[in-house]
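Heads up: the structure comes next, in structure tokens.
None of the figures in this text is laboratory data; all of them are computed from the coordinates on show. Quick caveat: nothing in here was measured; it's all calculated off a predicted structure. Using ideal geometry, Cβ is built from the backbone for each residue, glycine included, and neighbour counts are taken over all protein chains shown.
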Amino acid sequence: MLRMHRCECWRGNVGLLYTKDGRPMRTGLPNGFPDLFGMKMANGKAFYIEVKTPTGKIQPDQIAFHHELMHAHAVHGIARSVEDAIKIVDEELVGFGYPKEDIWLC
């Protein structure tokens, strides 16, 4: 839906794989990195969106990454619906959906 809303948007794929000699190796982005990231085509502004179900819980590494995004004043938030994701991007919200007490810790 964000692409239909004039945004470029990517999903950060991460995972565990094994080398030819059987050693485990993690790939992808840092722990806590939001599920979606992209930019608004209208102004090139970057955004980061953590996707959660209506009852999904925020993990400690996601809170830590949220702190980094707060320090950078980056557009980011938790989307529990398509409407939330569009709101975060359209209104260029910073910290949408994170617990209020946590926002002030940043």
> Where does each of 62-69, 26-33 land if you order them by average Cβ count within 10 Å, highest first?
Replying inline: 62-69, 26-33
> Build a GNM of the chain with springs between Cα atoms under 10 Å: which of Ile88, Ile58, Ile78 gets the top mean-square fluctuation?
Replying inline: Ile58
>> Quick check on the chain: of the DSSP beta bridges with both residues there, what percent are antiparallel, nearest 5%?
In response: 65 percent
> Relative contact order for the chain using alpha-carbon pairs under 8 Å, separation at least 6, rounded to a whole percent?
Replying inline: 21 percent
> In the Gaussian network model of the chain, springs joining C-alpha atoms below 10 Å, which of Lys40, Lys87, Lys20 carries the largest mean-square fluctuation?
Replying inline: Lys20
>> Please compute the length gained on full extension between Thr27 and Ser81, using 0.36 nm multiplied by the number of residues separating them and subtracting their Cα-Cα distance.
In response: 16.7 nm
>> Connecting C-alpha atoms closer than 10 Å in a GNM of the chain, tell me which of Met41, Met25, Met70 has the biggest fluctuation.
In response: Met25
>> Quick check for segment 3-103: number of Lys pairs with alpha-carbon distance under 21 Å, counting only pairs 8 or more apart or on different chains?
In response: 7
> Using the alpha-carbon atoms, what tilt in degrees (0 to 90, nearest 10) does helix 60-71 show relative to the longest principal axis of the chain?
Replying inline: 50 degrees
>> Given R₀ = 25 Å, what would the calculated FRET efficiency be for Glu8 paired with His71, taking r from the Cβ atoms and rounding to 0.05?
In response: 0.55
